[in-house]
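This report refers to the structure that appears directly beneath it.
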Amino acid sequence: MTISIDPQKTNNESLQPKGWLRYFSFSLDHKVIGIQYLVCGFLFYLIGGTLASAIRIELVSPMSDFMPRDVYNQVLTLHGTIMIFLWIVPVVNGAFGNYLIPFYVGARDMAFPRLNAVAFWLIPPSGLMLVASYFVEGAAQAGWTAYPPLSITTPQSGQIIWILSVLLLGGSSIFGGINFIATIIKLRRPGLKLMQLPMYCWAMLGTSLLVVLSTPVLAGTLILLSFDIIANTGFFNPVLGGNVVVYQHLFWFYSHPAVYIMVLPAFGLVSEILPVHARKPLFGYTTMVFSIMGIVVLGLVVWAHHMFTSGTPPWMRLFFTIATAFIAVPTGIKFFNWVATLWGGKISINSAMLFSCGFIINFVFGGITGVALAQVPFDIHVHDTYFVVAHFHYIVYGGTVFIIFSSIYHWFPKVTGKMLNEKLGILHFIITFIGFNLCFAPQHWLGLNGMPRRVAEYDPQFQFVNQISSLGALLMAISTIPFLINVFLSVRNGKNAGDNPWNALTPEWLTSSPPPVENWEGEAPLVEEPYGYGKEISEQK
Amino acid sequence: MLNKNFYLILIISLVFAISFWIGFNVNLLPAEASINAPIYDELFKILFIIGLIIFIGMTIAVIYSLFKFRKRNGQIGDGIALEGNLSLEIVWTIIPSIIVLLIGLYSYNIYDRMGGMKELNHNHEMMSSNTEKIWAGISQTSDNEIAINNLSIEVSAMQFAFLFNYPKGNFISGELHVPVDQKVSMKMESKDVIHAFWVPEFRIKQDIIPGQPTILNFTPTKVGKYPIICAELCGPYHGGMRASIIVEEESDYNEWFNKNKKSEVDL
Amino acid sequence: MTTLDSSKEIQKNNSEVNETHEDFRMFGLITFLIADGMTFAGFFAAYLTYKAVNPLPDGAIYELELPIPTLNTILLLVSSATFHKAGKALLKDKNSDSQKWLFFTAFLGIIFLICQLFEYFHLPFGLTDNLFASTFYALTGFHGLHVTLGTLMILIIAWQSRINGGRLTSQNMFPLEAVELYWHFVDGIWVVLFIILYLL
Ligand code: HEA
Ligand code: HEA
Ligand code: CUA
Ligand SMILES: [Cu+2]
């Protein structure tokens, strides 16, 4: 027997959201802001993807022939920065967080709607500024890590604009984080206990803690770096007595947690998607909560694994090996729980489900290479090679981006009231999955056999494998076509979805689709068991 | 019931067998040319096998559930309302912890055998600069062999070249020549930005940092010419920043050395 | 336009919410201060690392005199107390007393900043002289920026407490409490800074 709940009907006309123009206004509605984040992020994804395509075209041949060498460095710097700070972070945090969290806690909006809108509107200008810096005097070209002294000696205007826009984006992310913490802790509907929240709330709570604790350190570091560039101070400039390794510590103190900022929300999203389409409760709710918090704590003390070949003494290398490897334990718990959630379910095999399962497979692969990288003696050989590039694309693309797509398939009916076309969706999945693996799996071999990263030219013996990789990238680019067609067609004349097409139990489905301006016409429902699939209806209030 | 367990055990042993087979038969690494390399490859093999077991196992579990528990046509209803299973969860907390701990201990052992835990000092006969602070690196000074025939080389890196200074012969070379089977000790420092010294066939890498000398010791085991690759982004020509290391028989090395040696040192 | 209507509605609704839920604004502020504190933590960490591993080169000058910073420490500690008084007064509806205390606090803040500038001009080293000089200026400067901001905010709320039926009353303590918390935070940072930079 399927358990289902009738959504609240919104009859009051005045509460219906009106006009697509609201998406271009300084709106305070969390749902509007969420969509703004998503669309803005996706546009930057297309830009970042175009840059990635340029990288892959350059690497089709061993010579540096497609673009000048310094332009190549600018392209890869922009690619990394855009993908991380303007696509993944704003989308998994800002877009889905803003859209879903108020529903999940039973609120009508976020705790600080104005701050929320400001946080979003910081993003487009700083993103545009970053892209525009290319046309000034060349964009930043020291990689997304901006290690000094290289970042001090390369052309200044590009690097300064890079710093400025990362500072603004960091600020945006801190404002968002404060807002999420306050909303989840303080704005909960009366009667709703913490341990009854959908898992995404916990993921966002953990993520926001990381944002609040680590992003300011990046801001401080970049301010110091900009002093080095403009005011000729010597914090990180060895010529003036500075210490370049201190920058690396400070940078990774933020940027390692940043990888969990990119993936924890995805963990939350997948925990929402799997139970709905498998028609089973989320397995091991409590351990999931503890493992999120475990990842948060461990995530703060492992940063130096990015510096195993840098100026780090042996004891430090070893300590960070052990700490890093232990992150596999809480992460592993989550993966086993997800598989257990699937086990014995009644699984609908649709696009959302396929992307989520693709996520599990890809992430386990990327996680395992991560644990290998955490071993100092192993990392010493492959650090700064394509092995690392392969590792993190398996996680950021095969993990987070897969989940973003999965979430779009899952929540599209909620946002628009229309269904996406399943056939196109499955086609999208198949091309993406093949293209992705074709692109990044061979890069492991490249790294092991001697191809460093961030190079525009390489030894001829690597040409064939690089071409396979570029072919995969081409497939990935093609895969966006069915997706875009699908979205555009379905927004205009997709099948009507009704209010709750998946028969889901989490609160956002208990209102009409698209939801009214203040989420619920009456009082927000109290959902004590967001994952009560397979139970008697009477148990659910 | 027995039937079910039988299949489970069969599948698990198959996963193990396949992983071991791949681990032992698929070689993903370049030639081994230093005493570090076989040690590294041993670690690689172990990690590769463990990784394969976990990955193949998880993949099979996901695909199997998708297939076995898929919603058949016309079927409606929910799955079982199973919310957790404490003993199962304890098992899959403890087993990964043990694996991770063992891997950690093992890689400590490997790192130690590579010389990573040895005290960092660069044995220099010409000048006694031992007081200088060495920041990082891999040292292989096994205690009894503070070698007499120890080769001390000073590496300086700059955009976009490596220079190798042989203080004993008082000359600088753009190619690194070393005799086979002898320990080489290098002190490296950069003149501008961060570079890195990487020889894939030796499985060693160490950043070359301005303002912070680092140490890299190694013992080549195979005659030949190998690439030295700069592995840290250092500017537009980072990709072209290459040099070669030439490992040769001791007699060949001595010939080369004597040819390049500056006479002033002979006094 | 319809779009504006709906956002106005939300706005109205949320300001209502804000009126009733004092504490989540405070909560948000505390979270922000934690974040801000982490920025300082990063600076301190950098300074301490430099101290541990990058000894001063020969001939580098990095001498700090104690009198002015000690005076500044006292100034800030006193200003924390006077701010507290302002709050007490407002609670008892003595708005003009409260305003006096606020102005006095702002005055102390300004003196602090003047002393700081005085110190800057009389130090034997400049911003780019050496690593420690740079870090010194970065840390104290960043802190000074916080004091400046705090002083401005104190002046603003002092101004508001004057307006009859204005924003700052015993019924609406939030602006004062928020600035007060911020001010105590800035004081706390100064104490840590004083210990690490001047005494260690
Ligand atoms: C979302 C992003 C993300 C995530 C989640 C991770 C997750 C992990 N990463 Fe990754 N990483 C990056 C993004 C990410 N990484 C990026 C961008 C870089 C490069 C930065 C740059 O230099 O530009 C990088 C680089 C990087 C390095 C440095 C490599 C180098 O430069 O030399 C290391 C080294 O330790 C590392 C390790 C790990 C580990 C151990 C995890 C773990 O969290 C993974 C844990 C997960 C699993 C292990 C899988 C599931 C678990 C099980 C199924 C249980 C059983 C498993 C075992 C017992 C092993 N990563
Ligand atoms: C965080 C997310 C993220 C994502 C999603 C990606 C996605 C991709 N990345 Fe990315 N990458 C990074 C983060 C990411 N990357 C980072 C952090 C670095 C390190 C940078 C550094 O070293 O500093 C890096 C570096 C990096 C390198 C190494 C460069 C080098 O070291 O020299 C390569 C090489 O293959 C690469 C390839 C790709 C490819 C092919 C994709 C593909 O998956 C992209 C697929 C998407 C598309 C192809 C878009 C489709 C659209 C179009 C084709 C355009 C249509 C246009 C319009 C309609 C306007 N990336
Ligand atoms: Cu030198 Cu890269
Ligand atoms: Cu990391």
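For n ≥ 4 DSSP H runs only, could you compute -39500 (n - 2.57) per run for the protein assembly as shown, divide by its residues and tell me the 222 nm figure to the nearest 500?
Numbers: 28 runs with 589 residues, N = 1008.
Here the helix-only value at 222 nm equals -20500 deg cm²/dmol.
To make sure I understand, if each residue's beta carbon is the centre and we count other beta carbons within 10 Å, what order do B:175, B:201, A:529 fall in, fewest to most? Could the numbers behind the result be given before it?
On the way: B:175 13, B:201 24, A:529 17.
Lowest count first: B:175, A:529, B:201.
Mind pulling up the Rg/Rh value for the range C:25-79? Radius of gyration and Kirkwood radius, both on Cα.
On the way: Rg = 16.6 Å, Rh = 14.5 Å.
We get a ratio of 1.14 for the range C:25-79.
Show me the helices of chain C, taken as full DSSP H stretches, that run 24 Å or more along their long axis by Cα and average 0.0 or above in Kyte-Doolittle hydropathy.
Details: long enough: C:2-20 (28 Å, -1.46); C:22-53 (47 Å, 0.92); C:67-91 (36 Å, 0.90); C:95-122 (40 Å, 0.72); C:131-162 (47 Å, 1.06); C:174-193 (28 Å, 1.06).
The answer, listed by residue number, is C:22-53, C:67-91, C:95-122, C:131-162, C:174-193.
What is the magnitude of the charge dipole of chain B about its Cα centre, with +1 placed on the Cβ of each Lys and Arg, -1 on the Cβ of each Asp and Glu, and no other charges, expressed in debye to the nearest 20?
1240 debye
What are the ³J(HN,Hα) couplings of the range A:512-522, residue after residue, when phi is run through the Karplus curve with 6.51, -1.76, 1.60 and θ = phi - 60°? Round to Hz, x for glycine and proline.
Calculated HN-Hα couplings, in order: 6, 10, x, x, x, 3, 9, 6, 9, 6, x Hz.
Just report the Cα centroid separation between the range B:15-48 and the range A:465-541, whole Å.
Using only Cα atoms, the two centres lie 44 Å from each other.
Which whole-number percent gives the relative contact order of the range A:76-213, counting Cα pairs below 8 Å spaced six or more residues apart?
On the way: 158 pairs, mean separation 46.2, N = 138.
That works out to 33 percent.
Skipping prolines and chain starts, which residues have an amide H placed within reach, meaning under 5 Å, of the one on residue B:228, given they are 5 or more residues away or on another chain?
B:243, B:244, B:245
Would you order B:241, C:26 from fewest to most other beta-carbon atoms within 10 Å of each residue's own beta-carbon?
By the 10 Å Cβ count, ascending: C:26, B:241.
Using the Kyte-Doolittle scale, which helices in chain B average at least 1.0 and also have C-alpha atoms spread 27 Å or more along the helix axis, with helices defined as whole DSSP H runs? Please report the intermediate quantities before stating the final value.
Working: long enough: B:2-25 (34 Å, 1.51); B:36-68 (47 Å, 1.57); B:86-114 (42 Å, 1.24).
Sorted by number, the helices that extend far enough and score high enough are B:2-25, B:36-68, B:86-114.
At a Förster distance of 60 Å, what's the computed FRET efficiency of residue C:66 paired with residue A:61, Cβ-Cβ distance as r, to 0.05?
0.35
How much space per residue, in cubic angstrom, does the convex hull of the C-alpha atoms of chain A take up?
Residue-normalised Cα hull volume stands at 140 Å³.
For residue A:135 paired with residue C:48, estimate the spin-label separation in nm (one decimal), with each label point 7 Å from Cα along the Cα-to-Cβ line.
For the pair residue A:135/residue C:48, the computed spacing is 4.7 nm.
So if R0 is 45 Å, what FRET efficiency would residue A:465 and residue B:86 give, r being the distance between their Cβ atoms, rounded to the nearest 0.05?
Values: r = 47 Å, r/R0 = 1.03.
After rounding, the FRET efficiency stands at 0.45.
Name the residues whose placed amide hydrogens come within less than 5 Å of the amide hydrogen of residue A:347, ignoring near sequence neighbours (fewer than 5 apart) on the same chain.
B:70, B:71
What is the mean number of Cβ atoms from other protein chains located within 10 Å of the Cβ atom of each residue in peptide A:65-75, rounded to a whole number? Intermediate results must be reported in sequence, preceding the final value.
Values: counts 0, 0, 0, 1, 6, 3, 1, 3, 5, 1, 0.
Taking the mean over all residues of the peptide, I get 2.
Pick out, from B:82, B:180, B:228, the residue whose Cα sits farthest towards the positive end of the charge dipole of chain B, with +1 on the Cβ of Lys and Arg and -1 on the Cβ of Asp and Glu.
Checked the options; the winner is B:82.
Sort B:22, B:245 by Cβ crowding within 10 Å, fewest neighbours at the top.
Sorted ascending by nearby Cβ count, the order is B:22, B:245.
Find which of A:417, A:35, A:247 sits farthest along the positive direction of the dipole of chain A, computed with +1 on the beta-carbon of Lys and Arg, -1 on that of Asp and Glu, about the Cα centre.
A:417
About its Cα centre, what dipole magnitude does the protein assembly as shown give when the only charges are +1 on Lys and Arg Cβ and -1 on Asp and Glu Cβ, stated in debye to the nearest 20?
For the protein assembly as shown, the charge dipole is close to 2820 debye.
Among B:36, B:165, B:25, which one shows the biggest mean-square fluctuation in a GNM of chain B, springs joining Cα atoms closer than 10 Å?
Most flexible of the set in this elastic network: B:25.
Counting only C-alpha contacts under 8 Å and six or more residues apart, can you give the relative contact order of chain C as a whole percent?
Details: 159 pairs, mean separation 53.1, N = 200.
Relative contact order for chain C comes out at 27 percent.
GluC sites (Glu not before Pro), restricted to the range B:202-267: which are DSSP loop and have at most 16 other Cβ atoms within 10 Å?
Those satisfying the criteria are B:249.
Could you tell me the convex hull volume per residue, in Å³, taken over the Cα atoms of the protein assembly as shown?
Spread over its residues, the Cα hull of the protein assembly as shown gives 182 Å³ apiece.
Taking a cut-off of 21 Å, what percent of all Cα-Cα pairs in the range B:34-126 are separated by more than that?
Within the range B:34-126, distances greater than 21 Å cover 60 percent of Cα pairs.
Which percent, nearest 5, of DSSP beta bridges in the range B:166-267 are antiparallel?
Of the beta bridges lying entirely in the range B:166-267, close to 80 percent run antiparallel.
Say each of residue B:163 and residue A:128 gets a label point 7 Å from the Cα, pointing the same way as Cα to Cβ; how far apart are those two points in nm?
4.9 nm
Which whole DSSP H helices in chain A pass both tests: a Cα extent of 20 Å or more along the axis and a mean Kyte-Doolittle value no lower than -1.0?
Values: long enough: A:30-58 (41 Å, 1.16); A:123-137 (22 Å, 1.13); A:156-186 (44 Å, 1.34); A:199-230 (45 Å, 1.77); A:244-278 (50 Å, 1.17); A:285-299 (21 Å, 1.85); A:328-342 (21 Å, 0.95); A:351-374 (33 Å, 1.80); A:402-416 (21 Å, 0.86); A:422-449 (41 Å, 0.85); A:463-493 (46 Å, 1.15).
Helices meeting the span and hydropathy rule in chain A are A:30-58, A:123-137, A:156-186, A:199-230, A:244-278, A:285-299, A:328-342, A:351-374, A:402-416, A:422-449, A:463-493.
Just how large is the dipole of the range C:64-200 about the Cα centre, in debye to the nearest 20, putting +1 at every Lys and Arg Cβ and -1 at every Asp and Glu Cβ?
Using Cβ point charges on Lys, Arg, Asp and Glu, the range C:64-200 gives about 580 debye.
Residues of A:382-388, mean number of Cβ from any other protein chain within 10 Å of their own Cβ, rounded to a whole number?
4
Calculate the mean, over all residues of peptide A:320-330, of how many other protein chain Cβ atoms lie within 10 angstrom of the residue's Cβ.
Across the residues of A:320-330, the mean count of other-chain Cβ atoms within 10 Å is 4.
How far apart, in nanometres, would the label points at residue C:122 and residue A:434 be if each is projected 7 angstrom from Cα along the Cα-to-Cβ direction?
7.8 nm
Quick query: amide H of residue B:181 versus all other amide H atoms, modeled in the peptide plane; which residues come in under 5 Å with a sequence gap of 5 or more or a different chain?
Hits under the 5 Å cutoff: B:221, B:222.
Please identify every one of the trypsin sites (Lys or Arg not before Pro) in the range A:445-512 that sits in a loop by DSSP and has no more than 13 other beta carbons within 10 Å of its own beta carbon.
A:495
Over what distance in Å are the Cα centres of the range A:210-232 and the range C:136-200 separated?
So the two Cα centres are separated by 23 Å.
Return the FRET efficiency for the residue pair residue A:286, residue C:115: r is the Cβ-Cβ distance, R0 is 51 Å, and the value is rounded to the nearest 0.05. Intermediate results must be reported in sequence, preceding the final value.
Numbers: r = 55 Å, r/R0 = 1.07.
Rounded to the nearest 0.05, the efficiency is 0.40.
Within 10 Å, at most 16 other Cβ atoms, and a DSSP state outside H, G, I, E, B define an exposed site. Report the longest part of chain A free of exposed GluC sites (Glu not before Pro).
Between exposed loop sites, the widest span is A:1-520.
Return the Rg/Rh value of the range B:148-253, two decimal places, where both radii are evaluated on C-alpha atoms and Rh is the Kirkwood radius.
Reported Rg/Rh (Cα atoms, Kirkwood Rh): 0.94.
We did not get these values from a lab; they are worked out from the coordinates using the rules stated. What you see is a predicted model; the values in this text were computed from it and never measured. All Cβ positions, glycine included, derive from the backbone under ideal geometry; neighbour counts span all protein chains shown.
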